[in-house]
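Taking it in order: structure first as structure tokens, then the write-up.
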Amino acid sequence: MKIPLFPTLLLLAAITPCLQGADHWKVFPDPATGIWSYRDLLLPLGQDEYSDHLEMGGRAVDAIVEWKVARQPGMPSLNRRVRFPMLRSVRDDTHSSLSVEFNSKDDPLPLVDGAPLAPWSISQVAIRGGLEFEGKSGTLEIHRSVFPSTDLPALIERWEFINCDTKPLVLTIPRSAWENKIAADQGKWAAHITRTEWIGTGTFTLAPGEHLTAGLVFSAREDANGDTPADAPVFPDIDTEWAARQTLAARLNSNLALFTPDEALNRMFAMAKLRSVESIAATRGGLLQGPGGYNNYNAALWCNDNAEYMAPLHAYLGDPAGMEASRNAYLWLAKYMNPEFKPLPSSIVAEGRGTWDGAGDRGDAAMVAQGAARFALASGDPALARELWPLIEWCLEYCERQKTADGVIASRSDELEGRFSFGKTNLATSSLTYDALVSAAMLARDLGLPAERVETYQKRAADLRAAIDKVFAAKISGFDTYRYHDGLENLRAWICLPLAYGILDRAPGTLDALYSPDLWTADGLRTDAQDKTFWDRSTLFALRATFIAGDTQRGLDHLAGYTRRRLLGDHVPYAVEAYPEGAKSQLSGESCLYMRVFIEGLLGIRPTGLKSFDITPHLPASWPIMTLKQMHDHGCAHTVSVSRVADGIQVLVYDTNWKVISDTTLPEGQTHQITLPE
């Protein structure tokens, strides 16, 4: 199917140039397609080729496709790093999923009239649920789509051939399968067999204008081991698999759909939903979201990625797999509660069979309590909340036992695991604990727990807030902000965290520091003012914090610039982990954090009970309206629409039948309290 062409960047005129960089891609105006196209006319002057990598996943596969195209005719160059989360190497460690590279130089290619397929002239590359190439090889038009199976351990390429000649041509699809055995001593239970195979093989005569579809499949399986027979090779139906992938993207497009006047923001938000859900694997321990990336973070969980970043997003998305994966993550962690209050493991790996705690206590209990309490509140499910309550309560007691004489919370390191200094106490662990206490008090109240429990958490939160200001408040590099840890005199990106959790006492100086040349770069925030390293997660927390602090225009300027770079720049279309570390891996947790900039930042949504939430909208002056359609939180689906009216800001909440649940108008900057029906 030919993709229609639209004027380049027509809908992006409102984006402000906070982050400079060439636009290599253009966004299409139909939100349902999820399409970007790259064309050679968008290559920078003097550049003869374009390369990037794209991560994709399914229930039994995760892949990073490194690709390259050139101005001159030639085959698209693909290096497919395919990981199979449930096929394990001997050790049950963090990175032990089977990882195999399938390079396009080794591909068995079709024959045209008995001769090898001629070099392509690439006309278009698109991203819409998969990576698509369109071009011509002689008179043969080819549409090639690379995508993961939704359920099988396979990466698939769907090839559609169209005869554009005035006479018939003969197309031969190779019949053989190519297998490679990875020795048994390199597998946990058995040898592994990788397989490359064409589906739809044979020799076909294509009349002028006639189409033919075939598929190239890259898969892996376990060989026989003793009395256990070998797994059967997969033999997918190519069009059925492609339809399943498109159905997933379309379903996600209808849930939690963002509508703003800025199409780039809407589109990156939509793509982030796909990245957030496709990364959920069906492990032996149950569904689990894996961050992915070049470090092969699959079939494993982390207290920050899963418990703190991902799960609170899934409470709004309405995807059953995301809810179950989040629940599983907390239940896995709950197995490590202990009466001695020894630290939780930072990570549970290998489908739940092992742990990693190489950095010591990173403030993991604070991460888990903070994420689990918000997740439980936003779920609106009392049974789920009761199931998670013992874990939340244990984590908060652990944090209380780490309280120093100054009243803040100590941890062995922080979520950057010693990459940068962390001191004896740091701002991250105490800020997380503060927000966890606030949420826990609300949750305890709604669960009908004793009033003294609620009051205890409220008092601890108030005391910790005061201690954070006393211990960490400082003038750093001339800014009235926070010192990230004891003794540190450099600015750090994580000074945004108190603001992200509603502690706004030092918001002006902190925001000035974050957006100063000391920290802000073309790629967002430096981790440390004295280092070039950046992590998108801190940039996304800072953007969320900027809106929560009410600095809406500055937040929008930097959010729009960041989005333009990630969506239309030289590495698209997702938020990334870090650089230089990680080679800008497109970890799924960062896509969750991108979406939370809008939910918790621009809209200012904060769960306050199992059936209630506050919304403090920060509607940009140039926007008349923004809408988040089909949110699935607090036990029901609803739409939130925020618009500017004569008396201030109107917040309308509708149910799925467009019946008004709440209609409030308040002066700009004030909080609307929403209670949903039982």
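The values are calculated or read from the model by the stated rules, or taken from the named source; none is laboratory data. Please read these numbers as outputs of a predicted model, since none were measured by experiment. Reconstructed Cβ throughout: ideal geometry from the backbone, glycine too, with neighbour counts over all protein chains shown.
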Original post:
Counting just the residues of region 409-467 that are among the hydroxyl-bearing types (S, T, Y) and within 26 Å of the chain's Cα centre (by Cα), which one comes out nearest to A359 (Cα to Cα)?
Top reply: S413
Original post:
So is S51 surrounded by fewer than 18 Cβ atoms within 10 Å (Cβ to Cβ) and modelled with pLDDT of 85 or more or not?
Top reply: yes
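Taking region 59-104, which residues are of a type in the set (D, E, K, R) and at pLDDT below 95? Give the steps one after another, and end with the answer.
Initial filter on region 59-104 (of a type in the set (D, E, K, R)): 59, 62, 66, 68, 71, 80-81, 83, 88, 91-93, 101.
Matches in region 59-104: K68, R71, R88, R91, D92, D93.
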Original post:
Which ones in region 235-245 are in contact with a Lys or Arg (Cβ under 8 Å, 6 or more places away or on another chain) and surrounded by fewer than 16 Cβ atoms within 10 Å (Cβ to Cβ)?
Top reply: D239
Original post:
For region 161-178, does any single residue satisfy the condition of being surrounded by fewer than 16 Cβ atoms within 10 Å (Cβ to Cβ) and either without any contact (Cβ under 8 Å) to a residue 12 or more places away in the chain or under 21 Å from L54 (Cα atoms) (or both)?
Top reply: no
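Answer yes or no as to whether A177 is touching a strand residue (DSSP E or B) at 6+ places or on another chain (Cβ under 6 Å) and under 23 Å from A281 (Cβ atoms). It would help to see each step written out before you state the result.
Working: touching a strand residue (DSSP E or B) at 6+ places or on another chain (Cβ under 6 Å): yes; under 23 Å from A281 (Cβ atoms): no.
No.
Take region 515-542 and flag every residue that is in a loop (DSSP other than H, G, I, E, B) and not hydrophobic (A, V, I, L, M, F, W, C). Spell out how you get there, then give the answer.
Step one: filter region 515-542 for residues in a loop (DSSP other than H, G, I, E, B), giving 515-519, 522-523, 527, 529-533.
Y515, S516, P517, D518, D523, T527, Q530, D531, K532, T533 - these are the residues of region 515-542 that are in a loop (DSSP other than H, G, I, E, B) and not hydrophobic (A, V, I, L, M, F, W, C).
Each row is one residue, and each column tells you yes or no for (1) in the same structural domain as R267 (by TED's automatic domain parsing); (2) of a type outside the set (G, A, S); (3) out of contact with any Ser or Thr (no Cβ under 9 Å at 6 or more places or on another chain).
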residue	(1), (2), (3)
Y515	yes, yes, no
A522	yes, no, yes
D528	yes, yes, no
Q586	yes, yes, yes
Original post:
Within region 638-668, how many residues turn out to be surrounded by fewer than 16 Cβ atoms within 10 Å (Cβ to Cβ), under 29 Å from the mean Cα position of the chain (by Cα) and not polar (S, T, N, Q)?
Top reply: 1
**OP:** Mind telling me which of the residues E581, E590 ends up being within 30 Å of A281 (Cβ to Cβ), of a type in the set (D, E) and surrounded by fewer than 24 Cβ atoms within 10 Å (Cβ to Cβ)?
**Re:** E581
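I'm trying to understand the selection: among the residues of region 478-488, which are more than 13 Å from L511 (Cα to Cα) and modelled with pLDDT of 95 or more? Break it down stepwise before answering.
Of the residues in region 478-488, the ones more than 13 Å from L511 (Cα to Cα) are 483-488.
Matches in region 478-488: R483, Y484, H485, L488.
If the requirement is being under 27 Å from D536 (Cβ atoms) and either over 15 Å from the mean Cα position of the chain (by Cα) or not aliphatic (A, V, I, L, M) (or both), which of these qualifies: Y336, Y309? If you could, list the steps in order and put the result at the bottom.
Values: Y336 fails: under 27 Å from D536 (Cβ atoms).
The match here is Y309.
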Subject >> Positions within region 468-484 being among the β-branched types (V, I, T) and within 33 Å of the chain's Cα centre (by Cα), in sequence order >> reply: I468, I476, T481
Subject >> Search result, residues across region 78-98 that are out of contact with any Ser or Thr (no Cβ under 6 Å at 6 or more places or on another chain) and more than 14 Å from Y294 (Cα to Cα) >> reply: M86, L87, V90, R91, D92, D93
Original post:
among the hydroxyl-bearing types (S, T, Y) and either surrounded by fewer than 24 Cβ atoms within 10 Å (Cβ to Cβ) or out of contact with any strand residue (DSSP E or B) (no Cβ under 6 Å at 6 or more places or on another chain) (or both): does that describe S612?
Top reply: yes
**OP:** Report the residue count in region 536-575 for those that are touching a Ser or Thr at 6+ places or on another chain (Cβ under 6 Å) and crowded, with 24+ Cβ neighbours inside 10 Å.
**Re:** 3
Original post:
Here are G380, G407, G358, G371: which of them is modelled with pLDDT under 95 and assigned by TED's automatic domain parsing to the domain that holds R526?
Top reply: G358
Subject >> Residue that is modelled with the lowest pLDDT, among those in region 249-265 that are touching a Ser or Thr at 6+ places or on another chain (Cβ under 7 Å) and surrounded by 20 or more Cβ atoms within 10 Å (Cβ to Cβ) >> reply: A264
Original post:
What about G226, is it among the small types (G, A, S) and at pLDDT 95 or above?
Top reply: no
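Condition test on T247, is it outside the structural domain of L593 (by TED's automatic domain parsing), closer than 20 Å to I127 by Cα and free of Cβ contacts under 8 Å to residues at least 12 places away in the same chain? Full working, then the answer.
Values: outside the structural domain of L593 (by TED's automatic domain parsing): yes; closer than 20 Å to I127 by Cα: yes; free of Cβ contacts under 8 Å to residues at least 12 places away in the same chain: yes.
Criteria met by T247.
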**OP:** Find all pairs meeting these conditions: Cβ atoms under 7 angstrom apart; at least six residues apart or on different chains; first residue within region 97-112 and of a type in the set (F, W, Y); second residue modelled with pLDDT of 95 or more.
**Re:** F102/R80; F102/V82; F102/T196; F102/F218
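With the requirement that a residue be closer than 24 Å to V438 by Cβ, of a type outside the set (G, A, S) and not in a loop (DSSP other than H, G, I, E, B), what does region 483-514 give you? First the steps, then the outcome.
Applying the first criterion (closer than 24 Å to V438 by Cβ) to region 483-514 yields 483-485, 492-511, 514.
Cutting the leftovers down to of a type outside the set (G, A, S) gives us 483-485, 492, 494-499, 501, 503-506, 508, 510-511, 514.
H485, R492, W494, I495, C496, L497, P498, L499, P508, T510, L511, L514, listed by residue number.
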Original post:
Can you pull out the strands (runs of 3 or more DSSP E) entirely within region 115-225 that have at least 1 residues that are in contact with a His (Cβ under 7 Å, 6 or more places away or on another chain)?
Top reply: 131-137, 154-163, 177-182, 211-222
**OP:** Would you point out which residue out of L593, L587, L603 is touching a helix residue (DSSP H, G or I) at 6+ places or on another chain (Cβ under 8 Å), closer than 27 Å to T656 by Cα, at pLDDT 95 or above and not β-branched (V, I, T)?
**Re:** L593
**OP:** Would you check which residues across region 339-358 are surrounded by 18 or more Cβ atoms within 10 Å (Cβ to Cβ), more than 21 Å from the chain's Cα centre (by Cα) and within 15 Å of R284 (Cα to Cα) and list them?
**Re:** G352
**OP:** Please find, within region 561-581, the residue that is modelled with the lowest pLDDT out of those that are closer than 17 Å to V65 by Cβ and aliphatic (A, V, I, L, M).
**Re:** V572
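Tell me, please, whether a residue that is under 22 Å from R537 (Cβ atoms) and not in a strand (DSSP E or B) can be found in region 459-482.
Kept after step one, since they are under 22 Å from R537 (Cβ atoms), are these residues of region 459-482: 468, 472, 476, 479, 481-482.
Now narrow it down to the ones that are not in a strand (DSSP E or B): 468, 472.
Looking for residues that are under 22 Å from R537 (Cβ atoms) and not in a strand (DSSP E or B), one finds at least one in region 459-482, hence yes.
Within region 377-399, can one find any residue that is β-branched (V, I, T) and touching a residue at least 60 places away in the same chain (Cβ under 8 Å)? Break it down stepwise before answering.
So in region 377-399, the residues β-branched (V, I, T) come out as 392.
From what's left, touching a residue at least 60 places away in the same chain (Cβ under 8 Å): none.
No, every residue in region 377-399 fails to be β-branched (V, I, T) and touching a residue at least 60 places away in the same chain (Cβ under 8 Å).
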**OP:** Output the residues belonging to region 453-492 that are surrounded by fewer than 18 Cβ atoms within 10 Å (Cβ to Cβ), touching a helix residue (DSSP H, G or I) at 6+ places or on another chain (Cβ under 6 Å) and closer than 19 Å to Q530 by Cα.
**Re:** D480
